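Derivation of every value follows stated rules applied to the coordinates shown; laboratory data play no part. Note that this is a predicted model, so its numbers are computed, not measured. Backbone-built Cβ (ideal geometry, glycine too); neighbour counts: all protein chains shown.
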Amino acid sequence: MNTIHNQLSDLPNLSHDELKQLWRQLFGKPPPAYSRPYLIKRLAYRIQEIHYGGLSENLHATMRETLRTSEFDQNAVKISSAHKKHQFTPLLGTRFVRKWHGNRYEVTVIPGGFEYQGQRYRSLTAVAKAITGTHYNGRTFFGLYKKEK
């Protein structure tokens, strides 16, 4: 029988297909289209959750209420009162994909910013600048503005 420690230490050695299969076994549904590091972290959490028990629904409710009353978003990022109405806070793990000049560009939302080609960026605008070489509004570049009627 595999110990928790062995299961966790083996995760980085698994192929992407093996990680996806393990996801199906542990979560009972297909894996999301997230990066390999995300799958490994989430699988490690799930293995421990199954073995040691997860957080109670009461604790989840308390955490949600604490975030709400402390004016934090779902990613635990402080929402300033001046920007609450226009705050752009995609969920962690969200991927933005853009085809530009015949190339495909993929950006993943991480805590405190965005990841593009293994580099961290604080904003989508910084990512757009890295891609285009010129200043470009990140939300516009990735097509995130709502169209006004």
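Assorted remarks:
- Label selected from (1) 32, 24, 12; (2) 35, 16, 13; (3) 29, 17, 14, the criterion being semi-axes √(5λ) of the Cα gyration tensor in Å as computed here: (1)
- For region 1-37, the residues whose amide N sits under 12 Å from a probe point set 7 Å from the Cα of Gln48 along the beta carbon direction are 5, 8-9.
- Under Karplus coefficients 6.51, -1.76 and 1.60, residue-wise ³J(HN,Hα) of region 51-61 in Hz, glycine/proline x: 6, 9, x, x, 6, 6, 5, 4, 5, 4, 5
- Between 0 and 90°, nearest 10: helix 16-27 axis offset from the chain longest Cα axis: 70 degrees
- For region 95-141, the Cβ-based charge dipole about the Cα centre amounts to some 80 debye (Lys, Arg positive; Asp, Glu negative; other atoms uncharged).
- Per-residue Cβ neighbour rank within 10 angstrom, fewest leading, Val107, Val97, Val77: Val97, Val77, Val107
- With helices as the sole contributors, the chain gives -12500 deg cm²/dmol at 222 nm; each DSSP H run of n ≥ 4 counts as -39500 (n - 2.57), and the sum is divided by every residue.
- Length available on full extension from Gln117 to Thr134: 0.36 nm per residue minus the Cα-Cα distance, which gives 4.3 nm.
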